[in-house]
Amino acid sequence: MSWSVEGSEPCQACEFQENLKILRQIPFFSETPIESLKIFAYLCTRERFRQGDYLFSQDDDDGQAFYILSGEAELLYSNGRQDLVIRRYQPGDFSGGLTLLGRAQRLFSLKAVTDMVCLMLTRDKFQKAVTQVPQAIPGMLQAIVENIWEWEKRFLEDRSSECEVCRKRTGVSMI
């Protein structure tokens, strides 16, 4: 269960400036025009999570993106028998950009392994803002394309020679 830290910060203008600086560093937002970015920075909230809380759960369509300000979380995949730890998220990691663009069930769960503070943006706020600043979308789409391409390239370099099954499952960049 999260709780918002809105209103508990002494300087909302300072928080807005910090949000803006953070968004500029996230690849998903890095090519977004500054005027659009200011709107997204304003719409972000700070959320706290306690150790053991789920930021989101597998199969949910929560429409939330998170940037971790402090604390750590584990990305989990449940195969029906057990929860497999896929990776660990730490301060500076961003998760959920695609959920801002459209409806999608989560393939994973993200669970706080320590107390955490995250910068959060919801799909509803994001999509309402995008109707006002549609020029933000091309840069985000380009960032997504580049991220998918880089991921697939690294995957092939790391595994292509040793895993035929892995090679056969690549090609997502060919969408």
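The values are calculated or read from the model by the stated rules, or taken from the named source; none is laboratory data. Please read these numbers as outputs of a predicted model, since none were measured by experiment. Don't worry about glycine lacking a Cβ; one is built from the backbone with ideal geometry, like all the others, and counts go over all protein chains shown.
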Need a quick list: helices (runs of 4 or more DSSP H) entirely within the stretch 1-111 having at least 2 residues that are under 25 Å from I144 (Cβ atoms), more than 15 Å from the chain's Cα centre (by Cα) and hydroxyl-bearing (S, T, Y).
34-43
Does the stretch 111-120 include one or more residues that are of a type in the set (K, R) and either surrounded by fewer than 15 Cβ atoms within 10 Å (Cβ to Cβ) or within 20 Å of F40 (Cβ to Cβ) (or both)?
no
Looking at F49, F40, F94 in this structure, which one is in contact (Cβ under 8 Å) with a residue 60 or more places away in the chain and touching a helix residue (DSSP H, G or I) at 6+ places or on another chain (Cβ under 8 Å)?
F40
Flagged pairs (Cβ under 9 angstrom, 6 or more apart or on separate chains; first in the stretch 21-34, surrounded by fewer than 21 Cβ atoms within 10 Å (Cβ to Cβ) and of a type in the set (K, R); second assigned to a loop (DSSP other than H, G, I, E, B) and at pLDDT below 95) are R24/S30; R24/T32
Output the number of the condition that N79 fails; it satisfies all remaining conditions of (1) at pLDDT below 95; (2) in contact with a strand residue (DSSP E or B) (Cβ under 9 Å, 6 or more places away or on another chain).
(2)
Residue by residue through the stretch 132-149, note down the ones that are more than 18 Å from G96 (Cβ to Cβ) and under 17 Å from the mean Cα position of the chain (by Cα).
Q142
Take S4 and tell me if it is at pLDDT 95 or above and surrounded by fewer than 20 Cβ atoms within 10 Å (Cβ to Cβ).
no
For the stretch 112-152, give me each residue that is part of a helix (DSSP H, G or I) and either of a type in the set (S, T, N, Q) or at positive phi (or both).
Q127, T131, Q132, Q135, Q142, N147
Surrounded by 19 or more Cβ atoms within 10 Å (Cβ to Cβ), in contact (Cβ under 8 Å) with a residue 24 or more places away in the chain and either within 16 Å of R88 (Cβ to Cβ) or of a type in the set (F, W, Y) (or both): is that true of Y67 in this structure?
yes
Test set (1) surrounded by 13 or more Cβ atoms within 10 Å (Cβ to Cβ); (2) of a type in the set (V, I, T); (3) more than 18 Å from the chain's Cα centre (by Cα) - V165 fails condition number:
(1)
